[in-house]
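Novice: If you scroll down you'll find the structure; I have some questions about it.
Readers should treat all values here as calculations from the given coordinates under stated rules, not as data from a laboratory. In this text, all values refer to a predicted model and were calculated from it rather than measured experimentally.
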Amino acid sequence: MNLSQMRMFLEVVRHGSLSEAARQHKLTQPAVTRKMQRLEKELGTDLFERGEGHQIKLTSRGHEFLSFAEKVLSDYTVLQEKWRLQHKEAS
């Protein structure tokens with residue numbers, strides 16, 4: 001699992017569909033689908049309920065992963081900013 005997959009997962013959730021997340025990032029829908037399938041395979045669980053139409057719905061584990069991904073990416077941003085400021089102060 002990598003940060004790119006987490007970011008794309010958050011985009012899919014934010015947009016409510018794989019197609020819209022793909023369109024917003026100038027990717028194909030199959031490319032986003034493959035990213036999410038690889039993530040689910042690595043995690044060993046379904047994150048989305050796939051049903052009628054193009055809309056997605058999170059599974060209970062998808063909701064758990066959403067909280068996890070938001071926290072990891074937030075913590076990563078905080079760390080980057082901390083290091084950026086430390087580097088700036090040292091210069």
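Novice: Could you give me the ³J(HN,Hα) list for the range 74-86, computed from phi with Karplus coefficients 6.51, -1.76, 1.60 and θ = phi - 60°, whole Hz, x at Gly and Pro?
Specialist: So the Karplus estimates, Gly and Pro as x, are 5, 4, 4, 4, 4, 4, 4, 5, 4, 5, 4, 5, 5 Hz.
Novice: Considering Cα pairs under 8 angstrom that are at least six residues apart, work out the relative contact order of the chain and quote it in whole percent.
Specialist: 27
Novice: List the residues, sorted by chain then number, that are 5 or more residues from residue 59 or on another chain and whose placed amide H is less than 5 Å from its amide H.
Specialist: The answer is 48, 49.
Novice: May I ask you to compute the full-extension gain from residue 31 to residue 3, defined as 0.36 nm times their residue separation minus their alpha-carbon distance, rounded to one decimal in nm?
Specialist: Between residue 31 and residue 3, full extension yields 8.4 nm more.
Novice: Work out, step by step, the length gained on full extension between residue 71 and residue 91: first 0.36 nm times the residue separation, then minus their alpha carbon distance; give nm to one decimal.
Specialist: That works out to 4.2 nm of additional length.
Novice: A follow-up question, please. Within the chain, how many Lys pairs that are eight or more residues apart, or on different chains, come under 19 Å at the alpha-carbon?
Specialist: So the count of such lysine pairs works out to 4.
Novice: Restricting to Cα atoms and excluding each atom paired with itself, what does the Kirkwood estimate give for the chain in Å?
Specialist: Averaging 1/r across every pair of different Cα atoms and inverting gives 14.2 Å.
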